[in-house]
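Asker: First, the structure itself, so that you have it in front of you.
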Amino acid sequence: MLDIKYLRQNIDQAAARLGGRGQVVNLERFIALDAARREIIQEVETLRGERNAVSKQIGEKKQKKEDAGELIARMGEVSDRIKALDESLKRTDEELQGIVLTIPNLPHDSVVRGKGAEDNPVIRTWGERPTFAFTPKPHWEIGEALGILDFARGAKITGARFTLYRGLGARLERALINFMLDLHTAENGYTEVLPPFLVNRESMMGTGQLPKFEEDLFRIDKLDYFLIPTAEVPVTNIHRDEILAEKELPIRYVAYTPCFRAEAGSYGKDTRGLIRQHQFNKVELVKFARPEDSYAELEKLTLNAEEILKKLEIPYRVVSLCTADLGFSAAKTYDIEAWLPGQEAYREISSCSNFEDFQARRAAIRFRRTEGGKVEFVHTLNGSGLAVGRTLVAILENFQQADGSVVIPAALRPYLGVDRIPAAG
């Protein structure tokens with residue numbers, strides 16, 4: 001969440017920066033409540049000052065054996081008023097906090113102001129798009145023809161947007177997970193963690209999924225636990241309510257988890273194939289950094305995610321999200337988009353974001369400076385390294401062959417044990 005003190009002192013600046021997101025932010029209510037809060041505090045301080053002064057007078061009258069009844073009655077009224085004002089202040093603070101929790105992060109100054117995805121600037125591209133002597137197929141046709149993706153039985157088992165992987169399809173998914181984890185731990189310096197896949201409400205609040213996006217989550221009613229939408233949630237909350245030592249930073253974690261998303265409001269989009277599933281696998285990168293280092297760490301994190309695609313020889317591009325396309329908690333985001341020839345389009349395969357202190361403020365994740373001992377909020381970052389199902393999609397579509405088989409990228413062959421998925425029959 002944003003710093004309430006910053007909002008109070010820079011409300012016009014905050015409104016201008018938030019305006020670029022194209023979202024309605026209830027700053028007018030914030031301004032009104034904050035003004036009411038100041039009035040309440042001022043009145044309470046005045047009454048407490050009066051109570052202290054009159055209490056002294058009452059004491060003096062009692063010492064002189066004079067009647068203090070009128071003053072005592074007045075103090076009873078003052079105490080009742082202070083109690084009522086304290087309750088009003090508590091309600092006002094709770095409503096203010098509720099409003100602040102629904103205000104998105106401020107875009108970084110380097111983020112382009114735009115109205116949607118069409119305004120996202122392309123930062124770089126890598127690789128040559130493959131050419132085919134035949135019309136390339138989309139992955140759902142390839143997967144079904146090879147017998148490695150079974151959409152009908154996935155839907156029968158659970159419902160729409162669930163898929164059953166078979167044989168080399170299941171093995172390919174597992175191989176990709178291991179390949180990504182090995183690369184990020186052995187070469188990129190990340191520590192692997194395996195977190196819970198269910199989290200409590202506090203964890204969801206800490207990373208910004210709640211209260212705004214509850215309809216997009218799967219919730220276990222009896223326990224008030226949530227299935228994680230991404231490993232970002234449990235991994236970021238590893239250090240919730242902690243004060244880290246400056247010398248520990250940056251901390252780099254990598255985690256494989258399944259992810260679960262209700263995808264509320266997305267019906268009708270990407271209904272075929274693996275692009276938008278209710279359950280999918282992902283390898284996630286999470287960082288905790290000093291504020292002065294976080295944007296350099298964002299560049300490194302993005303390059304770490306790109307490296308997977310380079311080793312798999314999958315063409316891609318990197319775009320910087322404009323203000324209107326930024327996620328709720330992000331100050332800056334790079335999307336990595338893989339080329340999918342069967343769909344003749346680039347599709348997102350990773351989002352790499354710097355949240356600055358937005359999540360850390362919500363989750364109370366701080367660090368202590370070595371010199372001076374000052375305690376500050378860390379900056380948190382995360383990115384997909386990569387979305388596993390979408391990487392499988394990119395392999396099927398980019399390495400499909402005229403005979404219906406799919407060649408396996410060389411870097412992945414030691415993990416899968418074969419150099420191609422043969423055509424059926």
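The values are calculated or read from the model by the stated rules, or taken from the named source; none is laboratory data. Quick caveat: nothing in here was measured; it's all calculated off a predicted structure. In this analysis, Cβ positions are derived from the backbone assuming ideal geometry, glycine residues included, and neighbour counts consider all displayed protein chains. Ligands, DNA and RNA are stripped out before the accessible areas are found, and what is left, the full protein with its side chains, is counted by its heavy atoms. Shrake-Rupley method; radii C 1.70, N 1.55, O 1.52, S 1.80 Å.
Asker: May I ask which residue of Leu85, Val406, Ala262 lies farthest towards the positive end of the charge dipole of the chain, with charges of +1 (Lys, Arg) and -1 (Asp, Glu) on Cβ and the Cα centre as origin?
Answerer: The residue sitting most towards the positive pole is Leu85.
Asker: Cα atoms only: what Rg and Dmax, in Å, come out for the chain?
Answerer: 27.6, 109
Asker: With both partners inside the chain, how many of the DSSP beta bridges are antiparallel, as a percent to the nearest 5? Write out the running numbers ahead of the final one.
Answerer: Details: 52 of 59 bridges.
Around 90 percent antiparallel, to the nearest 5.
Asker: Give me the percent relative contact order of the chain, please, defined on Cα pairs under 8 angstrom at least 6 residues apart.
Answerer: In percent, rounded to a whole number, it is 20.
Asker: Related question: Any number yet on Rg/Rh for region 1-102, C-alpha, Kirkwood?
Answerer: Value, to two decimals: 1.24.
Asker: Moving on. Send over a whole-number figure in Å² for the accessible area per residue of region 194-276, probe 1.4 Å. Numbers along the way, then the final one.
Answerer: Working: 4060 Å² over 83 residues.
Dividing the accessible area of region 194-276 by its residue count gives 49 Å².
Asker: Further question: With r defined as the distance between the Cβ atoms of Arg201 and Lys62 and R0 fixed at 41 Å, what FRET efficiency is calculated, to the nearest 0.05?
Answerer: Working: r = 52 Å, r/R0 = 1.27.
Once rounded, the FRET efficiency stands at 0.20.
Asker: Counting only protein heavy atoms and a 1.4 Å probe, tell me what percentage of region 1-141's accessible area is made up of carbon and sulfur.
Answerer: After summing per-atom areas, the C and S share lands at 48 percent.
Asker: So, one more: Calculate log10 I(q)/I(0) of region 186-326 for q = 0.09, 0.15 Å⁻¹, where I(q) comes from the Debye formula with a single equal point scatterer on each Cα and nothing for solvent.
Answerer: At q = 0.09, 0.15 Å⁻¹ the computed log10 ratios are -0.33, -0.95.
Asker: How far, in nm, would the chain grow between Ala35 and Thr131 when pulled straight, counting 0.36 nm per residue and subtracting the alpha carbon separation?
Answerer: Numbers: separation 96, 0.36 × 96 = 34.56 nm, distance 6.37 nm.
Full-extension gain reported as 28.2 nm.
Asker: Counting only protein heavy atoms, what percent of the accessible surface of region 365-425 is carbon or sulfur at a 1.4 Å probe?
Answerer: Here carbon and sulfur together make up 48 percent of the probe-accessible area.
Asker: Which stretch or stretches of region 205-232 have amide N atoms under 18 Å from the point lying 7 Å from Thr102's Cα along the Cα→Cβ direction?
Answerer: 205-206, 208-217
Asker: For region 304-425, what is Rg from Cα atoms divided by 2.2 N^0.38 Å, rounded to two decimals?
Answerer: Compared with the compact-globule rule of thumb, region 304-425 sits at 1.43.
Asker: What does region 34-174 give for Rg and for Dmax, in Å, if only its C-alpha atoms count?
Answerer: According to the Cα coordinates of region 34-174, Rg and Dmax are 35.4, 109 Å.
Asker: Same structure again: Which order do peptides 75-86, 360-371 fall in by mean Cβ count within 10 Å, highest first?
Answerer: Details: 75-86: 13.2, 360-371: 18.1.
In descending order of packing, they fall as 360-371, 75-86.
Asker: Related question: Taking every eigenvalue of the Cα gyration tensor of region 169-248, multiplying by 5 and rooting it, what semi-axes result, largest first, whole Å?
Answerer: For region 169-248, the semi-axes come out at 26, 21, 9 Å.
Asker: Right, something else. Based on DSSP H runs of at least 4 residues, each adding -39500 (n - 2.57), what is the mean residue ellipticity at 222 nm of the chain after dividing by all its residues, to the nearest 500 deg cm²/dmol?
Answerer: -13000 deg cm²/dmol
Asker: For region 18-59, what's the radius of gyration and Dmax over Cα atoms, in angstrom?
Answerer: Taking only Cα atoms of region 18-59, I get Rg and Dmax of 18.8, 61 Å.
Asker: In region 207-311, how many lysine pairs have Cα atoms under 17 Å apart, counting only pairs 8 or more places apart or on different chains?
Answerer: 4
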